[in-house]
Amino acid sequence: MASFFDRIRSGLAKTAQQIRERLAEATGGEVAPAPSTGAGTSRAVTIDTIEAVEDALISADVGVAATTKIIEAVRAARGGSVGERVRRIMLGILQDVKAVPPIVTHPHVMLIVGVNGTGKTTTVGKLANLFRTQGHSVMVCAADTFRAAAVEQLSVWAGRAGVDLIRAQSGADPAAVTFDAATAAKARGREILIVDTAGRLHTRANLMAELDKIRRVVGREIAGAPHEVLLVLDATVGQNGLVQAREFMAASGANGIVLTKLDGTAKGGVALAIAHDLKLPIRYVGVGEGLEDLVPFDAATYVDALFLDKW
(Lines give C-alpha, C1' and ligand atoms only; values in the text may rest on other atoms or scores of the structure.)
Protein backbone atom coordinates (compact mmCIF):
# COMPACT_ATOMS: atom_id res chain seq x y z
CA MET A 1 0.00 0.00 0.00
CA ALA A 2 1.30 3.46 -0.89
CA SER A 3 2.31 5.67 2.01
CA PHE A 4 0.33 8.73 3.01
CA PHE A 5 3.01 10.98 1.53
CA ASP A 6 3.12 9.03 -1.72
CA ARG A 7 -0.63 9.36 -2.18
CA ILE A 8 -0.56 13.10 -1.49
CA ARG A 9 2.45 13.47 -3.78
CA SER A 10 0.65 11.62 -6.55
CA GLY A 11 -2.51 13.66 -6.04
CA LEU A 12 -0.63 16.94 -6.26
CA ALA A 13 1.60 15.89 -9.17
CA LYS A 14 -0.24 17.97 -11.76
CA THR A 15 -0.25 21.07 -9.58
CA ALA A 16 3.43 20.73 -8.67
CA GLN A 17 4.42 20.13 -12.28
CA GLN A 18 2.52 23.19 -13.48
CA ILE A 19 4.17 25.40 -10.86
CA ARG A 20 7.64 24.18 -11.79
CA GLU A 21 7.00 24.57 -15.52
CA ARG A 22 5.68 28.11 -15.10
CA LEU A 23 8.73 29.06 -13.06
CA ALA A 24 11.18 27.47 -15.49
CA GLU A 25 9.49 29.09 -18.47
CA ALA A 26 9.57 32.54 -16.90
CA THR A 27 13.10 32.40 -15.51
CA GLY A 28 14.85 30.24 -18.07
CA GLY A 29 15.77 27.57 -15.54
CA GLU A 30 16.21 27.12 -11.82
CA VAL A 31 14.57 29.65 -9.54
CA ALA A 32 17.26 30.85 -7.21
CA PRO A 33 18.07 34.09 -5.42
CA ALA A 34 20.55 36.52 -6.90
CA PRO A 35 24.00 36.76 -5.30
CA SER A 36 24.29 38.56 -2.00
CA THR A 37 25.26 42.24 -2.19
CA GLY A 38 27.43 42.05 0.87
CA ALA A 39 28.11 40.45 4.20
CA GLY A 40 25.24 40.56 6.62
CA THR A 41 22.63 41.43 4.00
CA SER A 42 19.81 39.29 2.71
CA ARG A 43 20.07 37.65 -0.66
CA ALA A 44 18.20 39.70 -3.22
CA VAL A 45 15.43 38.28 -5.33
CA THR A 46 15.11 39.52 -8.90
CA ILE A 47 11.92 41.12 -10.20
CA ASP A 48 11.70 38.43 -12.87
CA THR A 49 11.80 35.73 -10.23
CA ILE A 50 9.12 37.43 -8.13
CA GLU A 51 6.85 37.76 -11.15
CA ALA A 52 7.48 34.14 -12.10
CA VAL A 53 6.54 32.92 -8.63
CA GLU A 54 3.44 35.11 -8.62
CA ASP A 55 2.33 33.80 -12.01
CA ALA A 56 2.94 30.20 -10.98
CA LEU A 57 0.89 30.54 -7.79
CA ILE A 58 -2.01 32.26 -9.52
CA SER A 59 -2.05 29.58 -12.23
CA ALA A 60 -2.34 26.92 -9.50
CA ASP A 61 -5.37 28.75 -8.04
CA VAL A 62 -3.66 29.79 -4.84
CA GLY A 63 -5.77 32.94 -5.15
CA VAL A 64 -4.91 36.62 -5.27
CA ALA A 65 -4.99 37.30 -1.52
CA ALA A 66 -2.86 34.31 -0.53
CA THR A 67 -0.47 34.89 -3.42
CA THR A 68 -0.02 38.52 -2.40
CA LYS A 69 0.82 37.45 1.15
CA ILE A 70 3.34 34.90 -0.11
CA ILE A 71 5.01 37.37 -2.47
CA GLU A 72 5.28 40.03 0.23
CA ALA A 73 6.89 37.49 2.54
CA VAL A 74 9.35 36.42 -0.18
CA ARG A 75 10.40 40.03 -0.68
CA ALA A 76 10.81 40.66 3.04
CA ALA A 77 12.50 37.40 4.05
CA ARG A 78 16.21 37.24 4.74
CA GLY A 79 18.18 34.18 3.74
CA GLY A 80 17.14 31.01 2.00
CA SER A 81 16.18 30.33 -1.57
CA VAL A 82 12.94 31.58 -3.07
CA GLY A 83 11.50 28.09 -2.78
CA GLU A 84 12.40 27.89 0.91
CA ARG A 85 10.77 31.24 1.55
CA VAL A 86 7.61 30.29 -0.31
CA ARG A 87 7.45 26.96 1.49
CA ARG A 88 7.66 28.61 4.93
CA ILE A 89 4.82 31.04 4.29
CA MET A 90 2.64 28.36 2.64
CA LEU A 91 3.00 26.17 5.70
CA GLY A 92 2.13 29.09 7.94
CA ILE A 93 -1.04 29.83 5.97
CA LEU A 94 -2.22 26.22 6.11
CA GLN A 95 -1.57 25.91 9.82
CA ASP A 96 -3.26 29.20 10.71
CA VAL A 97 -6.79 27.80 10.67
CA LYS A 98 -9.56 26.97 13.11
CA ALA A 99 -8.99 24.04 15.42
CA VAL A 100 -10.50 20.71 14.42
CA PRO A 101 -13.04 19.44 16.96
CA PRO A 102 -11.87 16.26 18.67
CA ILE A 103 -14.03 13.15 18.68
CA VAL A 104 -15.16 13.13 22.31
CA THR A 105 -18.94 12.68 22.08
CA HIS A 106 -20.33 9.32 21.06
CA PRO A 107 -21.81 9.22 18.59
CA HIS A 108 -19.77 11.96 16.93
CA VAL A 109 -22.02 13.28 14.14
CA MET A 110 -20.58 14.43 10.83
CA LEU A 111 -22.91 16.14 8.35
CA ILE A 112 -21.64 16.01 4.77
CA VAL A 113 -22.84 18.86 2.53
CA GLY A 114 -22.08 20.37 -0.87
CA VAL A 115 -23.32 20.94 -4.38
CA ASN A 116 -24.15 18.15 -6.83
CA GLY A 117 -21.29 16.32 -8.46
CA THR A 118 -18.55 16.96 -5.90
CA GLY A 119 -18.36 13.33 -4.75
CA LYS A 120 -20.27 13.58 -1.46
CA THR A 121 -21.64 10.05 -1.42
CA THR A 122 -18.35 8.39 -2.30
CA THR A 123 -16.67 10.62 0.29
CA VAL A 124 -19.06 9.31 2.96
CA GLY A 125 -18.13 5.73 2.05
CA LYS A 126 -14.42 6.50 2.09
CA LEU A 127 -14.68 8.35 5.40
CA ALA A 128 -16.54 5.39 6.90
CA ASN A 129 -13.79 3.07 5.75
CA LEU A 130 -11.06 5.37 7.08
CA PHE A 131 -12.62 5.55 10.53
CA ARG A 132 -13.31 1.84 10.65
CA THR A 133 -9.69 1.04 9.82
CA GLN A 134 -8.70 3.39 12.66
CA GLY A 135 -10.70 1.22 15.04
CA HIS A 136 -13.92 3.26 15.33
CA SER A 137 -17.43 1.81 15.09
CA VAL A 138 -19.24 3.66 12.31
CA MET A 139 -22.75 4.15 10.98
CA VAL A 140 -23.75 6.03 7.82
CA CYS A 141 -27.10 7.62 7.06
CA ALA A 142 -28.56 7.98 3.55
CA ALA A 143 -30.34 11.33 3.96
CA ASP A 144 -30.22 12.10 0.24
CA THR A 145 -33.72 10.71 -0.27
CA PHE A 146 -34.45 12.67 -3.43
CA ARG A 147 -32.05 10.69 -5.56
CA ALA A 148 -32.68 6.96 -5.37
CA ALA A 149 -29.35 6.27 -7.01
CA ALA A 150 -27.58 8.05 -4.13
CA VAL A 151 -29.09 5.64 -1.60
CA GLU A 152 -28.11 2.60 -3.65
CA GLN A 153 -24.64 4.04 -4.23
CA LEU A 154 -24.14 4.62 -0.51
CA SER A 155 -25.40 1.11 0.22
CA VAL A 156 -22.63 -0.28 -1.98
CA TRP A 157 -19.96 1.91 -0.34
CA ALA A 158 -21.20 1.03 3.16
CA GLY A 159 -20.96 -2.64 2.26
CA ARG A 160 -17.42 -2.20 0.97
CA ALA A 161 -16.44 -0.31 4.12
CA GLY A 162 -18.14 -2.85 6.37
CA VAL A 163 -20.30 -0.37 8.31
CA ASP A 164 -23.97 -0.02 9.24
CA LEU A 165 -26.34 1.88 6.94
CA ILE A 166 -29.63 3.58 7.85
CA ARG A 167 -31.86 4.29 4.87
CA ALA A 168 -35.48 5.01 3.99
CA GLN A 169 -37.79 4.93 1.01
CA SER A 170 -37.16 7.38 -1.81
CA GLY A 171 -38.83 10.70 -1.11
CA ALA A 172 -38.83 10.29 2.68
CA ASP A 173 -38.18 13.31 4.89
CA PRO A 174 -34.38 13.64 5.17
CA ALA A 175 -34.65 14.99 8.72
CA ALA A 176 -36.74 11.97 9.75
CA VAL A 177 -34.16 9.57 8.31
CA THR A 178 -31.43 11.44 10.14
CA PHE A 179 -33.41 11.19 13.38
CA ASP A 180 -33.76 7.44 12.91
CA ALA A 181 -30.04 7.16 12.29
CA ALA A 182 -29.19 9.19 15.40
CA THR A 183 -31.45 7.00 17.51
CA ALA A 184 -29.96 3.82 16.04
CA ALA A 185 -26.38 5.04 16.47
CA LYS A 186 -27.02 5.68 20.17
CA ALA A 187 -28.80 2.36 20.66
CA ARG A 188 -26.04 0.37 18.96
CA GLY A 189 -23.22 2.26 20.64
CA ARG A 190 -21.67 3.55 17.44
CA GLU A 191 -18.86 6.07 17.86
CA ILE A 192 -19.30 7.96 14.59
CA LEU A 193 -22.40 8.77 12.54
CA ILE A 194 -21.83 10.16 9.03
CA VAL A 195 -24.86 11.73 7.33
CA ASP A 196 -24.96 12.00 3.53
CA THR A 197 -27.19 14.90 2.47
CA ALA A 198 -28.58 15.79 -0.93
CA GLY A 199 -26.53 18.03 -3.20
CA ARG A 200 -27.80 21.57 -3.14
CA LEU A 201 -26.91 25.04 -4.32
CA HIS A 202 -26.45 27.58 -1.57
CA THR A 203 -28.84 29.88 -3.48
CA ARG A 204 -31.79 27.49 -3.03
CA ALA A 205 -33.41 28.80 0.15
CA ASN A 206 -35.79 25.84 0.53
CA LEU A 207 -32.97 23.29 0.36
CA MET A 208 -30.82 25.23 2.79
CA ALA A 209 -33.81 25.40 5.16
CA GLU A 210 -34.07 21.62 4.90
CA LEU A 211 -30.43 21.33 5.87
CA ASP A 212 -31.07 23.54 8.87
CA LYS A 213 -33.94 21.24 9.87
CA ILE A 214 -31.60 18.24 9.75
CA ARG A 215 -29.18 20.09 11.99
CA ARG A 216 -31.90 20.92 14.52
CA VAL A 217 -33.32 17.39 14.58
CA VAL A 218 -29.99 15.66 15.13
CA GLY A 219 -29.03 18.30 17.69
CA ARG A 220 -32.09 17.51 19.79
CA GLU A 221 -31.25 13.79 19.76
CA ILE A 222 -27.47 14.04 20.35
CA ALA A 223 -25.89 16.80 22.42
CA GLY A 224 -23.82 19.21 20.37
CA ALA A 225 -24.60 17.52 17.06
CA PRO A 226 -23.69 17.94 14.31
CA HIS A 227 -20.17 18.14 15.68
CA GLU A 228 -18.71 18.61 12.21
CA VAL A 229 -20.28 19.97 9.03
CA LEU A 230 -17.91 19.00 6.25
CA LEU A 231 -18.25 20.72 2.90
CA VAL A 232 -17.14 18.55 -0.01
CA LEU A 233 -15.43 20.63 -2.71
CA ASP A 234 -14.29 19.50 -6.13
CA ALA A 235 -10.67 20.67 -6.47
CA THR A 236 -11.00 20.89 -10.24
CA VAL A 237 -13.28 23.95 -9.99
CA GLY A 238 -10.50 26.05 -8.47
CA GLN A 239 -11.57 29.50 -7.26
CA ASN A 240 -15.26 28.68 -7.72
CA GLY A 241 -14.78 26.31 -4.81
CA LEU A 242 -13.76 29.25 -2.67
CA VAL A 243 -17.07 30.97 -3.46
CA GLN A 244 -18.98 27.78 -2.59
CA ALA A 245 -17.10 27.43 0.69
CA ARG A 246 -17.82 31.01 1.73
CA GLU A 247 -21.55 30.62 1.05
CA PHE A 248 -21.88 27.22 2.71
CA MET A 249 -20.11 28.53 5.81
CA ALA A 250 -22.81 31.15 6.17
CA ALA A 251 -25.75 28.93 5.20
CA SER A 252 -24.91 25.58 6.79
CA GLY A 253 -22.31 26.26 9.45
CA ALA A 254 -19.66 24.32 7.51
CA ASN A 255 -16.57 24.07 9.72
CA GLY A 256 -14.33 21.87 7.62
CA ILE A 257 -13.48 20.96 4.03
CA VAL A 258 -13.06 17.70 2.15
CA LEU A 259 -11.18 18.47 -1.07
CA THR A 260 -11.93 15.81 -3.68
CA LYS A 261 -10.48 14.98 -7.12
CA LEU A 262 -7.13 16.49 -6.19
CA ASP A 263 -5.44 13.99 -8.47
CA GLY A 264 -7.34 15.27 -11.49
CA THR A 265 -6.37 18.92 -11.41
CA ALA A 266 -3.48 21.38 -11.61
CA LYS A 267 -5.46 23.72 -9.33
CA GLY A 268 -4.54 22.11 -6.02
CA GLY A 269 -3.37 25.48 -4.75
CA VAL A 270 -7.00 26.26 -3.90
CA ALA A 271 -6.27 24.64 -0.52
CA LEU A 272 -4.14 27.67 0.30
CA ALA A 273 -6.84 30.07 -0.86
CA ILE A 274 -9.39 28.38 1.41
CA ALA A 275 -7.07 28.38 4.41
CA HIS A 276 -5.98 31.99 3.89
CA ASP A 277 -9.30 33.58 3.01
CA LEU A 278 -11.72 31.56 5.15
CA LYS A 279 -9.54 30.09 7.90
CA LEU A 280 -11.34 26.79 7.34
CA PRO A 281 -9.44 23.57 8.07
CA ILE A 282 -9.08 21.15 5.20
CA ARG A 283 -9.83 17.86 6.93
CA TYR A 284 -9.41 15.30 4.16
CA VAL A 285 -8.33 15.12 0.53
CA GLY A 286 -9.38 12.73 -2.20
CA VAL A 287 -6.48 11.43 -4.28
CA GLY A 288 -8.11 8.68 -6.32
CA GLU A 289 -11.17 6.51 -6.92
CA GLY A 290 -10.34 3.68 -4.53
CA LEU A 291 -11.85 3.01 -1.11
CA GLU A 292 -8.63 4.05 0.61
CA ASP A 293 -7.98 7.11 -1.56
CA LEU A 294 -9.29 9.60 0.98
CA VAL A 295 -6.59 10.66 3.43
CA PRO A 296 -6.38 13.10 6.35
CA PHE A 297 -4.99 16.44 5.30
CA ASP A 298 -1.60 17.37 6.72
CA ALA A 299 -0.17 20.80 5.95
CA ALA A 300 3.50 19.80 6.03
CA THR A 301 2.91 16.77 3.80
CA TYR A 302 0.91 18.88 1.36
CA VAL A 303 3.64 21.52 1.07
CA ASP A 304 6.40 18.91 0.84
CA ALA A 305 4.56 17.29 -2.07
CA LEU A 306 4.55 20.60 -3.94
CA PHE A 307 8.26 21.07 -3.28
CA LEU A 308 9.46 17.53 -3.97
CA ASP A 309 11.56 18.85 -6.83
CA LYS A 310 13.18 21.96 -5.43
CA TRP A 311 12.29 25.29 -6.99
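The values are calculated or read from the model by the stated rules, or taken from the named source; none is laboratory data. The shown structure was predicted, so the numbers you read here are calculated from the model rather than taken from an experiment. Quick reminder, even Gly has a Cβ in these numbers, built from the backbone with ideal geometry, and neighbours come from all protein chains shown.
Mind counting the residues in the range 155-168 that are of a type outside the set (A, V, I, L, M, F, W, C), surrounded by 16 or more Cβ atoms within 10 Å (Cβ to Cβ) and assigned to a loop (DSSP other than H, G, I, E, B)?
Qualifying residue count, the range 155-168: 1.
From the set of residues in the range 169-206 that are in a helix (DSSP H, G or I) and β-branched (Val, Ile, Thr), which is surrounded by the fewest Cβ atoms within 10 Å (Cβ to Cβ)?
Of the residues in the range 169-206, the ones in a helix (DSSP H, G or I) are 174-188, 205-206.
Narrowing the set further to residues that are β-branched (Val, Ile, Thr) leaves 177-178, 183.
On the way: 177: 24, 178: 29, 183: 13.
Across the range 169-206, the extreme among qualifying residues is 183.
Quick check on residue 52: is it touching a helix residue (DSSP H, G or I) at 6+ places or on another chain (Cβ under 8 Å) and small (Gly, Ala, Ser)? Write out each step before concluding.
On the way: touching a helix residue (DSSP H, G or I) at 6+ places or on another chain (Cβ under 8 Å): yes; small (Gly, Ala, Ser): yes.
So residue 52 fits the description; yes.
Residue by residue through the range 146-202, note down the ones that are within 26 Å of the chain's Cα centre (by Cα), under 22 Å from residue 226 (Cα atoms) and among the β-branched types (Val, Ile, Thr).
151, 163, 166, 178, 192, 194, 195, 197
Let me spell it out: the conditions are (1) out of contact with any Ser or Thr (no Cβ under 8 Å at 6 or more places or on another chain); (2) assigned to a strand (DSSP E or B), and residue 272 meets all of them except one. Which number is the exception?
(2)
With respect to residue 44, is the statement that it is more than 30 Å from the chain's Cα centre (by Cα), among the aliphatic types (A, V, I, L, M) and either more than 24 Å from residue 285 (Cα to Cα) or at pLDDT below 90 (or both) true?
In short, yes.
Might you let me know whether the range 60-77 holds any residue that is part of a loop (DSSP other than H, G, I, E, B), in contact with a Phe, Trp or Tyr (Cβ under 9 Å, 6 or more places away or on another chain) and touching a residue at least 40 places away in the same chain (Cβ under 8 Å)? Explain how you work it out, then say what you get.
Step one: filter the range 60-77 for residues part of a loop (DSSP other than H, G, I, E, B), giving 60-63, 77.
With in contact with a Phe, Trp or Tyr (Cβ under 9 Å, 6 or more places away or on another chain) added as a condition, the list becomes none.
Taking every residue of the range 60-77 in turn, none turns out to be part of a loop (DSSP other than H, G, I, E, B), in contact with a Phe, Trp or Tyr (Cβ under 9 Å, 6 or more places away or on another chain) and touching a residue at least 40 places away in the same chain (Cβ under 8 Å).
Suppose the filter is free of Cβ contacts under 8 Å to residues at least 60 places away in the same chain, within 10 Å of residue 143 (Cα to Cα) and of a type in the set (A, V, I, L, M); does residue 205 pass it?
So residue 205 fails the test.
If residue 218 satisfies all but one of (1) buried (at least 22 other Cβ atoms within 10 Å of the Cβ); (2) part of a helix (DSSP H, G or I); (3) out of contact with any helix residue (DSSP H, G or I) (no Cβ under 6 Å at 6 or more places or on another chain), what's the number of the condition it fails?
(3)
The rows are residues; the columns are (1) surrounded by 24 or more Cβ atoms within 10 Å (Cβ to Cβ); (2) touching a strand residue (DSSP E or B) at 6+ places or on another chain (Cβ under 9 Å); (3) outside any loop (DSSP other than H, G, I, E, B).
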site: 83; (1), (2), (3): no, no, yes
site: 100; (1), (2), (3): no, yes, no
site: 122; (1), (2), (3): no, yes, yes
site: 127; (1), (2), (3): yes, yes, yes
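So that you can scan it fast, the table gives a plain yes or no per residue for (1) closer than 23 Å to residue 134 by Cβ; (2) buried (at least 19 other Cβ atoms within 10 Å of the Cβ); (3) among the basic types (Lys, Arg):
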| site | (1), (2), (3) |
| --- | --- |
| 241 | no, yes, no |
| 248 | no, yes, no |
| 251 | no, yes, no |
| 259 | yes, yes, no |
| 281 | yes, yes, no |
| 289 | yes, no, no |
| 302 | yes, yes, no |
| 306 | no, yes, no |
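Among the residues of the range 106-121, which ones are farther than 17 Å from residue 229 by Cβ and at pLDDT 95 or above?
Correct list: empty.
Name every residue in the range 160-190 that is under 15 Å from residue 108 (Cα atoms) and touching a residue at least 40 places away in the same chain (Cβ under 8 Å), in order of residue number.
Matches in the range 160-190: 178, 179, 181, 182, 184, 185, 186, 188, 189, 190.
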